[in-house]
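Worksheet: the structure to be examined is printed underneath.
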Amino acid sequence: MRISAILTFLNLFLFFGSYGQSYQIAVLKYNGGGDYYANPTSLPNLIRFCNKELGMNISTDVPYVEAGSPDLIQYPLIHMTGHGNVVFSASEAENLRKYMQGGGFLHIDDNYGMDEFIRVELKKIFPNNELVELPMDHPIFKQEYTFNGLPKIHEHDGKRPQAFAIIHNGRIVCLYTYETDLGDGWEDPEVHNDSSIKHNEALKMGANIISYAFLM
């Protein structure tokens, strides 16, 4: 492992260490025209849920961080969402790859319409790693809350929800949730007229993702 990767890992370790320490989650800002800023209430709601129900100590301040920024390493988990086009430059792809290989975790949630674009861009980051579908009994679904695969929050095309991952050196570095729309489910229920059941399912699955990312 190169010195830069080791230093990145050590920096991230300060955040991964324990629930007792305060840390931040960020939203990825990217180019291409997609609405990276979608679902503004989603992460604050998820963070409040995790802090209250699981005793975490995550800051409710959720910054945006650009794909090419050196500040990526300040955040143990970065969330990405949107409905449309995504474009990573070569330097942004390299920066994201270093972040994930150095200990960071990227969660991508398709907000409907991102799929055809993000799959291409992920190949820029990890050209030799395929997205693999996680089985329904994967530990990410069996953290504080138990699910048999991803919950279906919004119908979209009526396809089954799927969780895909990029695995590097035996560790999930990128989770891509498709045909579920967890982020919409995390938002204030009145935004999308979600039932309390769907809202809670989304929050619990989101809490599982954070727990898995921080403790794996």
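Residues checked against (1) aromatic (Phe, Trp, Tyr); (2) at pLDDT 95 or above:
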position: Pro139; (1), (2): no, yes
position: Glu144; (1), (2): no, yes
position: His154; (1), (2): no, no
position: Gly158; (1), (2): no, no
position: Pro161; (1), (2): no, yes
position: Ala165; (1), (2): no, yes
position: His168; (1), (2): no, yes
position: Ile172; (1), (2): no, yes
position: Tyr176; (1), (2): yes, yes
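Confirm whether Gly84 is in contact with a helix residue (DSSP H, G or I) (Cβ under 8 Å, 6 or more places away or on another chain) and modelled with pLDDT under 95. So that I can check it myself, show each step before the final result.
On the way: in contact with a helix residue (DSSP H, G or I) (Cβ under 8 Å, 6 or more places away or on another chain): yes; modelled with pLDDT under 95: yes.
Yes, satisfied.
Within region 113-127, take every residue that is part of a loop (DSSP other than H, G, I, E, B) and surrounded by 18 or more Cβ atoms within 10 Å (Cβ to Cβ) and give me the one that is modelled with the highest pLDDT. Let's see the steps before the verdict.
In the first step, residues of region 113-127 are kept if they are part of a loop (DSSP other than H, G, I, E, B); the result is 113-114, 126-127.
Narrowing further to those that are surrounded by 18 or more Cβ atoms within 10 Å (Cβ to Cβ): 114, 126.
Working: Met114: 95, Phe126: 98.
Once the filter is applied, the top-ranked residue is Phe126.
Report whether or not Leu106 is closer than 21 Å to Asp35 by Cα and in contact with a Cys (Cβ under 7 Å, 6 or more places away or on another chain). Before you say what the answer is, go through the steps one by one.
Values: closer than 21 Å to Asp35 by Cα: yes; in contact with a Cys (Cβ under 7 Å, 6 or more places away or on another chain): yes.
Yes; evaluated as a whole, the condition is true for this residue.
Residue-wise test of (1) more than 18 Å from the chain's Cα centre (by Cα); (2) touching a residue at least 12 places away in the same chain (Cβ under 8 Å); (3) outside any helix (DSSP H, G or I).
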site	(1), (2), (3)
Cys174	no, yes, yes
Thr177	no, yes, yes
Lys198	yes, yes, no
Met205	no, yes, no
Ile209	no, yes, no
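Looking only at region 143-172, count how many residues are more than 17 Å from the chain's Cα centre (by Cα) and in a strand (DSSP E or B).
Counting residues in region 143-172 that are more than 17 Å from the chain's Cα centre (by Cα) and in a strand (DSSP E or B) gives 1.
Please go through region 53-111 and give me each residue that is acidic (Asp, Glu), outside any helix (DSSP H, G or I) and within 26 Å of Leu134 (Cα to Cα), ordered by number. Spell out how you get there, then give the answer.
First pass over region 53-111, keeping only residues acidic (Asp, Glu): 53, 61, 66, 71, 92, 94, 109-110.
Next, from what is left, pick out any that are outside any helix (DSSP H, G or I): 61, 66, 109-110.
Once the filter is applied, which keeps residues that are acidic (Asp, Glu), outside any helix (DSSP H, G or I) and within 26 Å of Leu134 (Cα to Cα), region 53-111 yields Asp109, Asp110.
State all residues of region 26-80 that are surrounded by fewer than 16 Cβ atoms within 10 Å (Cβ to Cβ), at positive phi and touching a strand residue (DSSP E or B) at 6+ places or on another chain (Cβ under 7 Å); if no residue qualifies, say none.
Gly32, the sole residue that qualifies.
The values are calculated or read from the model by the stated rules, or taken from the named source; none is laboratory data. All values derive from a computational prediction rather than experimental measurement. Here Cβ is always computed from backbone atoms with ideal geometry, including for glycine, and neighbour counts include all displayed protein chains.
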